[in-house]
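This report concerns only the one structure given below.
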Ligand SMILES: [Fe+2]
């Protein structure tokens, strides 16, 4: 019980390199729950709803995923964090491997979160889904030209030469996509696929929004991004000139990843932390996913209308163990292909 329950002044001072979000912190008051989050989207209003419904207050701290994980490890049992939230299945798996999370047993969570979107031991649960799919300029591209069986690999076809933009190799989004290609096709074939993109003079962009804006501006015609970035831009401007295409619908399905969270090992507020996860997966699903145009993990919850307008799609099951354990190989594949 010696654990500190709120972020002490010293810790806050140390956090400046982590892009500390002042607005989430309740001015140094003790909150019931402390959340370390690498998910940067619209947490505040969801947590406010949670407080309203349960009376439990939440402080949260934004940071880079790898930095927050290192921080949890360094703080050990002195950490003020009760919940760790992050945005990549491989990262959630990694947090579990590093021993910073503790298992939760919850029929509510097991009922709300599909099996492939949670840890079999209950150390973490997916709470929102994001599809990494094809986006294109409808004035330049006939979607019938995509390979409906394996759309990602199909972008290596010479017909797409000089027309493609993709995200940089340092992004966990790119790395988990390539890890899923290795998982699906084996390393050799994954290597060929990445090389075929490079041979098509793929232009590498440093973020998904920049990529979508490049397509809208005519700088490229096809790309791969997370679906919610397109939804965000379409919300701002319904005439934004980019359309979504659900990848690999005649094959393995569209690559999806998750945002998720787990209870921090040794948290003195593990019961309340579990309550927060349960709420986020059920009554709070819409509050949590809609603001960022993500997809609910809970099959009983409808996606918000703009994302729903993209249409239903079949998804590739998420294999967090593969994305996490194949991450190093994915980085090697990208590097060996000269993808940069
Ligand atoms: Fe994102």
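Some values worked out for this structure:
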read-out	value
Any pair with Cβ under 7 angstrom, 6 or more apart, that starts in segment 222-238 at a residue that is within 17 Å of residue 255 (Cβ to Cβ) and more than 16 Å from the ligand (Cβ to nearest atom) and ends at one that is at pLDDT 95 or above and outside any helix (DSSP H, G or I)	222/134; 222/136; 222/141; 222/155; 222/163; 222/164
Hits in segment 176-210 - residues which are within 16 Å of the ligand (Cβ to nearest atom), in contact with a helix residue (DSSP H, G or I) (Cβ under 8 Å, 6 or more places away or on another chain) and over 23 Å from residue 320 (Cβ atoms)	205, 209
Meets criteria (farther than 27 Å from residue 213 by Cα and touching a strand residue (DSSP E or B) at 6+ places or on another chain (Cβ under 7 Å)) for residue 276	yes
Checklist (1) closer than 19 Å to residue 141 by Cα; (2) within 16 Å of the ligand (Cβ to nearest atom) applied to residue 241, failing item	(2)
Filter result (under 23 Å from residue 108 (Cβ atoms) and outside any helix (DSSP H, G or I)) within segment 290-307	294, 295, 296, 297, 298, 299, 300, 301, 302, 303, 304
Complete set of residues in segment 154-170 that are within 16 Å of the ligand (Cβ to nearest atom) and assigned to a strand (DSSP E or B)	166, 167
Qualifying positions in segment 48-92 - within 19 Å of the chain's Cα centre (by Cα), crowded, with 22+ Cβ neighbours inside 10 Å and either away from the ligand (no atom under 16 Å from the Cβ) or in a helix (DSSP H, G or I) (or both)	60, 61, 65, 68, 83, 84, 89, 90, 91, 92
Qualifying residues in segment 97-123 (those that are assigned to a helix (DSSP H, G or I) and in contact with a strand residue (DSSP E or B) (Cβ under 7 Å, 6 or more places away or on another chain)) - the one surrounded by the most Cβ atoms within 10 Å (Cβ to Cβ)	117
Condition broken by residue 173, with the remaining ones in (1) away from the ligand (no atom under 16 Å from the Cβ); (2) surrounded by fewer than 23 Cβ atoms within 10 Å (Cβ to Cβ); (3) not assigned by TED's automatic domain parsing to the domain that holds residue 273 satisfied	(1)
Elements of type helices (runs of 4 or more DSSP H) in segment 179-241, at least 1 residues being over 20 Å from residue 292 (Cβ atoms)	187-199, 208-216
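The values are calculated or read from the model by the stated rules, or taken from the named source; none is laboratory data. Only a predicted model underlies this, so the values are computations on that prediction, with no experimental measurement involved. Virtual Cβ from ideal backbone geometry, glycine too; neighbours counted across all protein chains shown.
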